[in-house]
1. Which ones in segment 133-185 are among the aliphatic types (A, V, I, L, M), touching a helix residue (DSSP H, G or I) at 6+ places or on another chain (Cβ under 7 Å) and open to solvent by less than 30 Å² (accessible area, probe 1.4 Å)?
2. Quick check: anything in segment 50-65 part of a helix (DSSP H, G or I), surrounded by 17 or more Cβ atoms within 10 Å (Cβ to Cβ) and either of a type outside the set (Phe, Trp, Tyr) or modelled with pLDDT under 90 (or both)?
3. Can you find even one residue in segment 70-86 that is farther than 21 Å from Thr134 by Cβ and either modelled with pLDDT of 85 or more or not in a helix (DSSP H, G or I) (or both)?
4. Filter segment 84-130 down to residues that are of a type in the set (Ser, Thr, Tyr) and open to solvent by 20 Å² or more (accessible area, probe 1.4 Å) and give me whichever is farthest from Thr158 (Cα to Cα).
5. Restricting the search to segment 1-44, which residues are at pLDDT 85 or above, among the β-branched types (Val, Ile, Thr) and either touching a Ser or Thr at 6+ places or on another chain (Cβ under 9 Å) or surrounded by 14 or more Cβ atoms within 10 Å (Cβ to Cβ) (or both)?
Amino acid sequence: MEKGQGRATARTGGPRLPSHRMFALTDGVMAIAMTLLVLDIELPEGLSGRALHDALDDVASQVATFLLSAVVIALFWQAHHTALRGAEWLDARLFWLNVAFLVLVSLIPFPTRVLEAYAHLPLGPGLYGAVIGTAALVLYAMQRHIARSPAYGRGGRTPFPAQAFVFLLSVGIAPFSPQAALYSWIASVPLSLLVDRRAAG
């Protein structure tokens, strides 16, 4: 029996998954997702003149969307480790929430490609906002479950999910103005800082 699993069984009446295994799986999924983002950056060979200039413009767009999604994945990784810090095991609900979170993270390369190709259409920012916002909402559900479950003994309030709110709101904005939906994501930065400040206060 894994270290810590016996205590979890005794406290909750059933076997539980040691958190270090989920941490390892999460690290692997996020590393693969970030690697797939890099593989989408391509510059065709044998170009010159105007064709090369246009191709470099396309690469610049690919790099921009890569950096956006790389930062999002890195922030998800940090928030996930912070949420599960100190939890020695995962109960069934937390396990499946984590699986749902990883499924959404593994999807990120696809909406990233769609965003790069169709940023001018509602599909691009709409799909991206839906995937990122839902992933952030699932992560919030994990944080809330840990805070509210007596088995984990955390207690306290769970901060408002600013990222989930902003990205999901952009899904509704996209049909009217794809560009406005893109710019709306910037609001997640000051809103998150405000939420963190209020939670710390």
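1. Start the filter on segment 133-185 by keeping residues that are among the aliphatic types (A, V, I, L, M), which leaves 135-139, 141-142, 146-147, 151, 162, 164, 166, 168-169, 171, 173-174, 180-182.
The next check asks that each one be touching a helix residue (DSSP H, G or I) at 6+ places or on another chain (Cβ under 7 Å); those that pass are 135-139, 141-142, 146, 151, 162, 164, 166, 168-169, 171, 173-174, 180-182.
Selection gives Ala135, Ala136, Val138, Leu139, Met142, Ile146, Ala151, Ala162, Ala164, Val166, Ala174, Ala181.
2. Scanning segment 50-65, I find at least one residue that is part of a helix (DSSP H, G or I), surrounded by 17 or more Cβ atoms within 10 Å (Cβ to Cβ) and either of a type outside the set (Phe, Trp, Tyr) or modelled with pLDDT under 90 (or both), so the answer is yes.
3. Scanning segment 70-86 turns up at least one residue that is farther than 21 Å from Thr134 by Cβ and either modelled with pLDDT of 85 or more or not in a helix (DSSP H, G or I) (or both).
4. Taking segment 84-130 and keeping what is of a type in the set (Ser, Thr, Tyr), we get 106, 112, 118, 128.
Okay, now just the ones that are also open to solvent by 20 Å² or more (accessible area, probe 1.4 Å), so 106, 118.
Numbers: Ser106: 25, Tyr118: 35 Å.
Checking each candidate, the answer is Tyr118.
5. Those that are at pLDDT 85 or above, among the β-branched types (Val, Ile, Thr) and either touching a Ser or Thr at 6+ places or on another chain (Cβ under 9 Å) or surrounded by 14 or more Cβ atoms within 10 Å (Cβ to Cβ) (or both): Thr26, Val29, Ile32.
The values are calculated or read from the model by the stated rules, or taken from the named source; none is laboratory data. These figures come from a predicted structure and were not determined experimentally. In this analysis, Cβ positions are derived from the backbone assuming ideal geometry, glycine residues included, and neighbour counts consider all displayed protein chains. Protein only, heavy atoms only, side chains kept; ligands, DNA and RNA dropped before computing areas. Shrake-Rupley method; radii C 1.70, N 1.55, O 1.52, S 1.80 Å.
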